[in-house]
1. Hydropathy first: keep DSSP H helices in the chain averaging at least 0.0 on Kyte-Doolittle, then drop any whose Cα extent along the axis falls short of 24 Å, and list what survives.
2. Can you report the principal axis dimensions of the chain using only the alpha carbons, biggest first, rounded to whole angstrom?
3. Along the charge dipole of region 1-151, Cβ charges K/R +1 and D/E -1, which of Ser114, Pro22, Ser149 sits furthest on the positive end?
4. If one computes P(r) from the Cα atoms of region 246-301, what percent of pairs lie at distances over 14 Å?
5. Per the Kirkwood formula on distinct C-alpha pairs, the Rh of region 1-57 is how many angstrom?
6. For a quick size check, give me the Cα extents of region 41-90 along its three principal axes, largest first, whole Å.
7. Nearest 500 deg cm²/dmol is fine: what mean residue ellipticity at 222 nm does the chain get from its DSSP H runs of n ≥ 4 alone, each adding -39,500 (n - 2.57), divided by its residue count?
8. For Ala316 paired with Ser97, estimate the spin-label separation in nm (one decimal), with each label point 7 Å from Cα along the Cα-to-Cβ line.
Amino acid sequence: MSELSIPTREPQRVPVDDAVVPFEVAALDVRGRVVRLGPAFDQILRQHNYPAPVCKLLGEAVVLTVLLGASLKFKGRFILQTQSDGPVRMLVVDYRSPGLVRACAQFDADRVGSLGEATAGDLLGRGHLAMTIDQGPDMNRYQGLVALSGEGLEQAAHEYFLRSEQIPTRVRLAVAEEFSAAGGGVRRRWRAGGLLLQFLPKKAERMRSPDLDPGDAPEGTAPHGVPEDDAWVEGQALVATIADVELIDPALSSERLLYRLFHEHGVRVFRSAAVEAKCSCSRERVDRILRSFSPKDRAGMVEDGRILVTCEFCNAKYEFSPDSVLDDAEL
């Protein structure tokens, strides 16, 4: 399709929650995605009783996972997981294409409560962030690791793309709780949003970047420097102007946000994709897992004459009698 045949229209005014909008700014050789999460993210949090700082951090992890998982061109999974020494010792977000997401967190409530106003880096501490692509049972998994060194998830994502993908990338994440009047009281709902921008010029030499530190150059050697492409410098500058509220504003559509940013160059949007909060657990799946354990291990799970299993993602509870989960050899 030629540029002249690409239809043009006004940006959509009606906001759409729980959706990913891919876009392209051809004049700057950049592509990206915008994610806006409302009811789906709020549903994930309603299944737990996390304190507000943990909710905010988990929201950033969910947005980042959806931004990256939405690029999968096959039915598979994108899993983001942190393990660290901070008050929030683990985050797990599981994205299943197309558009299904679930998430959970493990944290020390006392340590979280003692921090007061805490940054994402304060909550995470030091450890690592793993991003895993699971293409299915008959395919190899791909995993990338990046260190968490007291910074937030935005910085970790930038470091991941610099070292693993070597694609110039900028990420913005925002999460907040929305308060509104409802039925004589106050209604509280969580919202989250984010934007990913990548520099993908047609000529590979325009993506040159400095050697990663530490290199193997002798001590005293001047650092390797490569000027950034002017188009990428401008793209980053425009993304830096985004306010958190613009990413989560329920009255601002993703298309109008993109128009605000890139209208001088022209921005092309592609078909949006829905995002849904949905866990993959089921009674049948838990039954199969229990049958895979040895009789001795299952016996250790029995309390008050029953086996009770709780899903960490959705908090669903499944109860079994010990006799109902015997494997074939025990029948």
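The values are calculated or read from the model by the stated rules, or taken from the named source; none is laboratory data. Because the structure is a prediction, the values reported are computed rather than measured. Here the Cβ positions follow ideal geometry from the backbone for every residue, glycine too, while neighbour counts run over all protein chains shown. Please note that ligands, DNA and RNA were not included when accessible areas were found on the heavy atoms of the full protein model with its side chains. Shrake-Rupley method; radii C 1.70, N 1.55, O 1.52, S 1.80 Å.
1. Working: long enough: 52-69 (25 Å, 1.74).
Helices meeting the criterion: 52-69.
2. 69, 64, 48
3. In region 1-151, that residue is Pro22.
4. Values: 1130 of 1540 pairs.
Everything past 14 Å amounts to 73 percent.
5. Values: mean 1/r = 0.0676 Å⁻¹.
Across region 1-57, the inverse of the average 1/r is 14.8 Å.
6. For region 41-90, the Cα spread along each principal axis is 35, 27, 14 Å.
7. Numbers: 10 runs with 86 residues, N = 331.
Roughly -7000 deg cm²/dmol at 222 nm, from the helical runs in the chain.
8. 2.4
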